[in-house]
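Colleague: Have a look at this one before I ask anything.
The values are calculated or read from the model by the stated rules, or taken from the named source; none is laboratory data. None of these values were measured; they are calculated from a predicted model. Cβ atoms come from the backbone with ideal geometry, glycine included; neighbour counts cover every protein chain shown.
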Amino acid sequence: MNNESELRARYNDIHRGVYFIGTTPPKSDTPLDQVDSIAEKLLERVNDIDFDGLIVYDIQDENSRTNKPRPFPFKSTHDTRLYSSLLNKKSQRPVITYKSVVQSNTDDFNQWANEAWTEYGVKDIVLVGSPSTKNAISLPLEGAYKTLVDNKHNFFIGGVTIAERHASKGNEHDRLIEKHQQGCNFFISQAIYNPQATIDMLTRYAIECEQKGIKPQRLILTFSPCGSKKTLEFIDWLGVSVPEATSLRILNADNSLYESIRICLNSLQQILDAILPYDLPLGLNIESLTNRKEEIDGSILLYKLLRSKMDNYLAKKELDLLIKNN
């Protein structure tokens, strides 16, 4: 078995993007043979697109975070490690596995990590902390990072970044630097529908890294299409900031799904234009937040369009660098 993350080497080249498809494990009451066929079906859908890897989310019941009712009822899912392992074997591509540490203690989490590596071949992990400060926490996120760093296996560790948190508290750039010092080598954003919040966070992070002489870590920007009022309610429930005008555009469009894709394209363009002066290594993660076929197909179209835009941006950056150096 390969004892190194494939993504680690790929992330080192700041002049190329990294591109992911985000998904969730099937519900825990799904028979294992159906889990296998669901994985096959997902990979068939993305067969004609060029992507670097997949991301498997650890879905938690987040009722402690908000009083709003969850638009789609919470149902537990199969073990993220199992689904990641399946997708990795079938696609022959790296899979980033999310892990919520809120219900763990250090020993349990260490055992989880050892099994992840030895039994499931999981090498790339994003840790998620408590959705609310109201929860009793046995293992703080900082402790979980330390457990992974100290583990005998060489995990490639990532964290979550939330631009909305920066908009309210103004310190997400400090969190990114702190998490890197704790062991994080990349960050994945939650879904973006408010590009200005992301621009503010990325700009502060880039400038702070420059001033402190720190190498910025890879930032993977997540986008999700929205094809219905119910999906929009779910996006809001997840804590994603959607400006009122954006909500109204989606809800009043002749085709909400395509309107949301146009909005995502425009959002990425605004972000890339704003951070062009800075050397931030980027990536993209495209997810469908529902199992509706229309939205899954929409996420694949969105992936193709956003990847093309990101590739053009990176090519322009490389050309500018060549001109500057000659």
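Colleague: Check region 52-59 and report whether any residue there is modelled with pLDDT under 90 and surrounded by fewer than 19 Cβ atoms within 10 Å (Cβ to Cβ).
Modeller: Yes, because at least one residue in region 52-59 is modelled with pLDDT under 90 and surrounded by fewer than 19 Cβ atoms within 10 Å (Cβ to Cβ).
Residues checked against (1) in a strand (DSSP E or B); (2) modelled with pLDDT of 80 or more; (3) under 29 Å from residue 279 (Cβ atoms):
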position: 14; (1), (2), (3): no, no, yes
position: 21; (1), (2), (3): yes, yes, yes
position: 38; (1), (2), (3): no, yes, no
position: 50; (1), (2), (3): no, yes, yes
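Colleague: Ok, one more. Looking at (1) touching a strand residue (DSSP E or B) at 6+ places or on another chain (Cβ under 9 Å); (2) more than 30 Å from residue 69 (Cβ to Cβ); (3) assigned to a loop (DSSP other than H, G, I, E, B), find the lone condition where residue 179 falls short.
Modeller: (3)
Colleague: Now for a separate question. Can you name every residue in region 30-47 that is in contact (Cβ under 8 Å) with a residue 24 or more places away in the chain and among the charged types (D, E, K, R)?
Modeller: Result: 36, 40, 45.
Colleague: Right, another one. Among the residues of region 182-212, which ones are assigned to a helix (DSSP H, G or I) and in contact with a strand residue (DSSP E or B) (Cβ under 9 Å, 6 or more places away or on another chain)?
Modeller: 182, 198, 201, 202, 205
Colleague: On to the next question. Select from region 23-36 the residues that are of a type outside the set (Lys, Arg) and not in a loop (DSSP other than H, G, I, E, B) and list them in ascending order.
Modeller: Scanning region 23-36 gives 23, 32, 33, 34, 35, 36.
Colleague: Which one of these is surrounded by fewer than 15 Cβ atoms within 10 Å (Cβ to Cβ), assigned to a loop (DSSP other than H, G, I, E, B), on the phi < 0 side of the Ramachandran plot and not small (Gly, Ala, Ser): 304, 230, 215?
Modeller: From the options 304, 230, 215, the qualifying one is 215.
Colleague: Against the definition (surrounded by fewer than 17 Cβ atoms within 10 Å (Cβ to Cβ), over 20 Å from the mean Cα position of the chain (by Cα) and free of Cβ contacts under 8 Å to residues at least 12 places away in the same chain), how does residue 146 come out, yes or no?
Modeller: Numbers: surrounded by fewer than 17 Cβ atoms within 10 Å (Cβ to Cβ): yes; over 20 Å from the mean Cα position of the chain (by Cα): yes; free of Cβ contacts under 8 Å to residues at least 12 places away in the same chain: no.
No: the conditions fail for residue 146.
Colleague: With modelled with pLDDT under 85 and out of contact with any helix residue (DSSP H, G or I) (no Cβ under 7 Å at 6 or more places or on another chain) as the only criterion, which of 138, 100 stands out? Spell out how you get there, then give the answer.
Modeller: Values: 100 fails: modelled with pLDDT under 85.
Selected residue: 138, the only one of 138, 100 that is modelled with pLDDT under 85 and out of contact with any helix residue (DSSP H, G or I) (no Cβ under 7 Å at 6 or more places or on another chain).
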